[in-house]
1. Is it the case that R166 is of a type in the set (D, E, K, R), open to solvent by 40 Å² or more (accessible area, probe 1.4 Å) and either in contact (Cβ under 8 Å) with a residue 24 or more places away in the chain or farther than 26 Å from H247 by Cβ (or both)?
2. Can you find a residue in region 110-132 that is of a type in the set (G, A, S), over 21 Å from the mean Cα position of the chain (by Cα) and within 22 Å of R195 (Cβ to Cβ)?
3. Search region 129-154 for residues being in contact with a strand residue (DSSP E or B) (Cβ under 8 Å, 6 or more places away or on another chain) and in a helix (DSSP H, G or I), and hand back the single one that is surrounded by the fewest Cβ atoms within 10 Å (Cβ to Cβ).
4. Can you tell me which residues in region 236-253 are in contact (Cβ under 8 Å) with a residue 24 or more places away in the chain and either in a strand (DSSP E or B) or open to solvent by less than 100 Å² (accessible area, probe 1.4 Å) (or both)?
5. Could you grab me the full set of residues in region 26-54 that are assigned to a helix (DSSP H, G or I), free of Cβ contacts under 8 Å to residues at least 24 places away in the same chain and of a type in the set (A, V, I, L, M, F, W, C)?
6. Would you please name the residue that is most open to solvent (accessible area, probe 1.4 Å), looking only at residues in region 186-209 that are within 30 Å of V176 (Cβ to Cβ) and part of a loop (DSSP other than H, G, I, E, B)?
Amino acid sequence: MVNRRAVVTGASSGIGEATVRALRAQGWDVVGVARRAERLAVLDEQTGSRSIACDLTDADAVSSLVDELRRTGPVHALVQVAGGARGTDSVEGGSVDDWQWMYDANVLSTQRLVAGLLPLLRLAAQKSGHADTVFVTSTAAQVGYPGGGGYNAAKAAESMLVKVLRQELNGEPIRVVEVAPGLVHTEEFTLNRLRGDRIAAEAVYSGVPEPLLGEDVADVIAYALNAPRRVNLDLVTMRPVAQSAQHLLARGPLQVRTDD
């Protein structure tokens, strides 16, 4: 794995950061991508990754990113983690600006990355036998819920993009993997969604026994990339044990039921 290089977006925190750490620990060369250069610099120092600051909602910035990647080496894998949610408004009361940002961040950014990096992935596949793409969507792409309309719509669109891409690449040695996590406790996702309201953000996880962590999702991503190249994980839906469905979340200790 020493000679394989992965590009991981959303690398400045949460699942993206955990993925950089997991892949570096397994010998991958990793390029972390995110907007915040200062956080990327710390990650590079700690892990030996080589990061590039980029706003994926900016088409010109993505073009520059692709040029830099082409100049500096092969790309064997794209791991698209970047995205996010804004607000919990109803469909009727939703902010068009928030919805636009979510579509830009989750869907159009993904399309830009695919369009820009597929030529590099094909070159790597020609030389090494295969290449990989992994997209982190969400269970919000699968089940709607009140207050989730904008995020549901954006993640569903991203998920459909991934499904279409897999079919369009049929016959090429490029894997297309989708990982759809449920409740993941990261430092920023819910905090950003709730506009910095830390009390409200922590209430989302309050009493939930062992929500997923970014490291759990990173483990699945690393497995998908390291699996034999004949194996494609089309879709991995993962939730904490306490969340048996999108709408069904246990709070309080998990206990075995008895007949008493």
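1. For R166, the condition - of a type in the set (D, E, K, R), open to solvent by 40 Å² or more (accessible area, probe 1.4 Å) and either in contact (Cβ under 8 Å) with a residue 24 or more places away in the chain or farther than 26 Å from H247 by Cβ (or both) - is met.
2. No - not one qualifying residue is present in region 110-132.
3. Let us first name the residues in region 129-154 that are in contact with a strand residue (DSSP E or B) (Cβ under 8 Å, 6 or more places away or on another chain), namely 130-139, 141-143.
Of the ones still in play, those that are also in a helix (DSSP H, G or I) are 139, 141.
Numbers: T139: 19, A141: 23.
Only one residue tops the list, namely T139.
4. Matches in region 236-253: V236, T237, M238, R239, P240, A242, Q243, A245, Q246, L249, A250, G252.
5. Across region 26-54, the qualifying residues are A37, A41, V42.
6. Ranking the candidates gives E187 first.
Matching residues to (1) loosely packed, with under 14 Cβ neighbours inside 10 Å; (2) in a loop (DSSP other than H, G, I, E, B); (3) in contact with a strand residue (DSSP E or B) (Cβ under 7 Å, 6 or more places away or on another chain); (4) of a type in the set (S, T, Y):
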residue: L56; (1), (2), (3), (4): no, yes, yes, no
residue: A61; (1), (2), (3), (4): no, no, no, no
residue: V75; (1), (2), (3), (4): no, yes, yes, no
residue: V91; (1), (2), (3), (4): no, yes, no, no
residue: D97; (1), (2), (3), (4): yes, no, no, no
residue: L108; (1), (2), (3), (4): no, no, no, no
residue: K127; (1), (2), (3), (4): yes, no, no, no
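This table checks each residue for (1) more than 27 Å from L235 (Cβ to Cβ); (2) modelled with pLDDT of 95 or more.
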| position | (1), (2) |
| --- | --- |
| D60 | yes, yes |
| D89 | yes, no |
| G116 | no, yes |
| P119 | no, yes |
| T133 | no, yes |
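The values are calculated or read from the model by the stated rules, or taken from the named source; none is laboratory data. Please read all numbers here as calculations on a predicted model, not as lab measurements. Heads up, the Cβs are rebuilt from the backbone with ideal geometry, glycines too, and the neighbour counts pull from every protein chain shown. Each accessible area value is taken on the protein alone, full model and side chains, heavy atoms only, with ligands, DNA and RNA left out. Shrake-Rupley method; radii C 1.70, N 1.55, O 1.52, S 1.80 Å.
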